[in-house]
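Right, one structure below, let's go through it.
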Amino acid sequence: SVVAAMLAREALDTNWVKLEVIGQNPQWKWSPGYLWDRGSSVWSLALGWVLPDGAGHAARIREAEANREVAAREFQRLQVQVIADAESAAAIYVRARDGLNAVQKRSALASKRLAENRRLFDAGYADRVDLVHSRLEALGAQKQLLTAQRLALGR
């Protein structure tokens, strides 16, 4: 992924800075030696001191630090973008969920009214116009519910 690649690049640049800083310090070198001199064995241990070239390391350290800073800024930019995208998606989800809840309540209420009008019609207390009107209202509410469900699922 892009995030993993950016993190790996930043870690590589950080390690490069560390290596360059280490490289500017003098290095001690122990060297064992063996010599055969007129029939006798001579063992020796030598201590060497290697001085680094001072000019090259400073420039490479500055370059590595600059690369590390660029990688860190790019990662922060990506991080802000990802957080903003996640917050936007969360807000869209909350709006869709709240809209779906409201439509579900309206649909349940319309179904309840239809059942009540059907009961009143069967008992002779309501006319066919009231029954048809409540059926149309329930169908409209069901259509809105299906649309809200589709939107909530992101389709």
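The values are calculated or read from the model by the stated rules, or taken from the named source; none is laboratory data. Please read all numbers here as calculations on a predicted model, not as lab measurements. With ideal geometry, Cβ positions are generated from the backbone for all residues, glycine too; neighbour counts draw on all protein chains shown. Surface areas here come from the heavy atoms of the whole protein model, side chains and all, with no ligands, DNA or RNA. Shrake-Rupley method; radii C 1.70, N 1.55, O 1.52, S 1.80 Å.
With a ≥ b ≥ c taken as the square roots of the eigenvalues of the C-alpha gyration tensor of the chain, please select rounded if a/c is under 1.5 and otherwise prolate if a/b is larger than b/c or oblate if it is not?
On the way: a/c = 10.57, a/b = 4.80, b/c = 2.20.
Prolate, because a/c is 1.5 or more and a/b exceeds b/c.
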query = Rounded to the nearest 500 deg cm²/dmol, what is the calculated helix-only ellipticity per residue at 222 nm for the chain, with -39500 (n - 2.57) per DSSP H run of length n ≥ 4?
reply = -28000 deg cm²/dmol
query = How much area per residue is accessible in the chain when the probe is 1.4 Å and only protein heavy atoms are counted (Å²)?
reply = 77
ask   = FRET efficiency for R77 and L146, Cβ-Cβ distance as r, R0 = 41 Å, nearest 0.05?
value = 0.50
remark   = Residue by residue through the stretch 78-95, the couplings from Karplus 6.51 cos²θ - 1.76 cosθ + 1.60 with θ = phi - 60°, in Hz, x for Gly and Pro, are 5, 5, 4, 5, 5, 5, 4, 4, 5, 5, 5, 5, 5, 5, 4, 4, 4, 4
remark   = In the neighbourhood of L145 defined by beta carbon distances under 13 Å, the net charge of the other residues (Lys, Arg +1; Asp, Glu -1) is +3
request  = With a 1.4 Å probe and all protein chains in place, put T14, T147 in order of accessible area, largest first.
outcome  = T147, T14
query = Which of the lysines could be linked to K112 by a straight reach, that is with a Cα gap under 29 Å, when you skip same-chain ones fewer than 8 residues away?
reply = K143
key: the stretch 4-50 versus the stretch 90-117: alpha-carbon centroid distance in Å   = 73
task = For K18, list the lysines whose Cα falls under 21 Å from its own Cα; do not include residues on the same chain fewer than 8 positions away.
result = K29
query = For the stretch 90-155, what class follows from the C-alpha gyration tensor (a ≥ b ≥ c being the square roots of its eigenvalues): rounded when a/c is under 1.5, otherwise prolate if a/b is larger than b/c, else oblate?
reply = prolate
